[in-house]
Amino acid sequence: MKILRNNSRGFTLIEIMVVIVIIGALMSIAVPYGKTYLDRARAAHCLANRHNIEMEEYSRLIGKSSCDEITGRFFTANSVNSRETSLLCQPTDYTLYNFLHDGRNAGVANAVPISKKSSSIDEKWKCPSGGTYIWVEDPKNPDYPRVVCSIHGGAILSPSGPGGAKFLFSSDFDNMDSLTPLRGKWKIRKGTLVPTRHGENRLVFGEAKWTDYEVKTSATLEKGRGYGIYYRADGERDISGYIFQYDPGYGESFLVRRVYKGNEEKSPFQRVKMPKGFSIYNQSHEISIAVEENHHVIKIDGDTTLDFKDDTFSSGMAGFRSWGKSEVAFNDVAVSEID
């Protein structure tokens, strides 16, 4: 009589544990990347919403009157000749748009909600990240109002800025306007500002006469040794000024160096280690740098990280830097004056 034996065997405990460890490792890589891409997709969606709100408002105002009525009003106010009549009803004619919005002028540049006549924004337009939309005056073109978002729209968080301060500069990086690359290559990618090649990359914005101000930005380091934020910098190709560095390559540190004609001090004069468990890569972090006279306060995600005094540089622009094989995306930036 032949006895049949079942030689099948299941997984051993060690094999199951190895599989669980591998899945955990893959998840630890995939989840942060997924959040980063989701944040970028939401920022792009929000940017499209704001553009559509502006265009919808434009169309609504045009639709309220016939072309003859609108152009008649425009002729009287601006002495437009008849040869331009056909151009005035085109949706790309910002001059007419400005004319129709003459009752929506903001009192304070870049910060006050515009609109007593037509400030409402249709509820169908919602920021995917939960931000609030508001009409503001564009500092680059005061006659042409824009819609900004409290989360994605140039970091404008309140009508008057922190403590009622005046905004000096803001960008949600939908274009390279007012941004000056000094070294390397930079581009706008899906609503973020990124350096596009390895090595030294420098970029500045603002005015050399800025003195006491606060820079706020959010950035995501995807890989590499780190990135930097210039402040009180002269804006030259061989730049001089302060630089704050988010620097996992320097012993996982936050640090500040002085820069002279493109050369950084060998050792930082301010340095603190990143907290235990801090998410270095693939996580967006809010960075605030406030400098008033000789007092510097740097915050990461709202927590004060560095607080010191130094008067080496008294005024200058702001900007960004990356080096080595770092891959970083800057999501937005706002600079406000400290009274």
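Please go through the stretch 284-339 and pick out each residue that is among the aromatic types (Phe, Trp, Tyr), assigned to a strand (DSSP E or B) and under 15 Å from Tyr230 (Cα atoms).
Matches in the stretch 284-339: Phe320, Phe330.
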Quiz item: Is it the case that the stretch 145-162 has a residue that's under 24 Å from Asp238 (Cα atoms) and modelled with pLDDT under 85?
Solution: no
Practice problem: Output the residue which, of all residues in the stretch 38-67 that are surrounded by 12 or more Cβ atoms within 10 Å (Cβ to Cβ) and among the hydroxyl-bearing types (Ser, Thr, Tyr), is modelled with the highest pLDDT. | Solution: Tyr58
Quiz prompt | Enumeration of residues in the stretch 302-314 that are surrounded by 14 or more Cβ atoms within 10 Å (Cβ to Cβ) and more than 18 Å from Ala233 (Cβ to Cβ) | solution = Thr305
Quiz prompt | Selection from the stretch 293-325 of residues that are basic (Lys, Arg) and out of contact with any His (no Cβ under 9 Å at 6 or more places or on another chain) | solution = Lys299, Arg321
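I'd like to check something: does the stretch 240-256 contain any residue that is farther than 26 Å from Asp303 by Cβ, at pLDDT 95 or above and part of a loop (DSSP other than H, G, I, E, B)?
yes
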Quiz prompt | Filter result for Arg202 (surrounded by 20 or more Cβ atoms within 10 Å (Cβ to Cβ) and either in contact with a Cys (Cβ under 7 Å, 6 or more places away or on another chain) or closer than 26 Å to Val272 by Cα (or both)) | solution = yes
Practice problem: Go through the stretch 163-205 and give me each residue that's in a loop (DSSP other than H, G, I, E, B) and either closer than 14 Å to Ala318 by Cα or modelled with pLDDT of 90 or more (or both). | Solution: Ser178, Leu179, Gly184, Lys185, Thr196, Arg197, His198, Gly199, Glu200
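Is it the case, given these coordinates, that Arg237 is closer than 18 Å to Glu207 by Cα, at pLDDT below 95, charged (D, E, K, R) and surrounded by fewer than 17 Cβ atoms within 10 Å (Cβ to Cβ)?
Values: closer than 18 Å to Glu207 by Cα: yes; at pLDDT below 95: yes; charged (D, E, K, R): yes; surrounded by fewer than 17 Cβ atoms within 10 Å (Cβ to Cβ): yes.
So Arg237 fits the description; yes.
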Quiz item: Counting only residues that are β-branched (Val, Ile, Thr) and part of a strand (DSSP E or B), which one in the stretch 206-239 is farthest from Val297 (Cα to Cα)?
Solution: Thr220
Quiz item: For Gly226, all conditions in the list (1) in contact with an Asp or Glu (Cβ under 6 Å, 6 or more places away or on another chain); (2) over 29 Å from Lys276 (Cα atoms) hold save one; what is the number of the exception?
Solution: (2)
Quiz item: Name the pairs whose Cβ atoms lie under 8 Å apart, with the first residue in the stretch 176-192 and over 19 Å from Asp234 (Cα atoms), the second in a strand (DSSP E or B) and among the charged types (D, E, K, R), and 6 or more positions between them or separate chains?
Solution: Met176/Lys187
Quiz item: If you check Lys276 against the conditions, is it out of contact with any helix residue (DSSP H, G or I) (no Cβ under 6 Å at 6 or more places or on another chain) and either without any contact (Cβ under 8 Å) to a residue 24 or more places away in the chain or closer than 14 Å to Asp247 by Cα (or both)?
Solution: yes
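The values are calculated or read from the model by the stated rules, or taken from the named source; none is laboratory data. These figures come from a predicted structure and were not determined experimentally. Every residue, glycine as well, gets a Cβ built from its backbone with ideal geometry; the counts of neighbours run over all protein chains shown.
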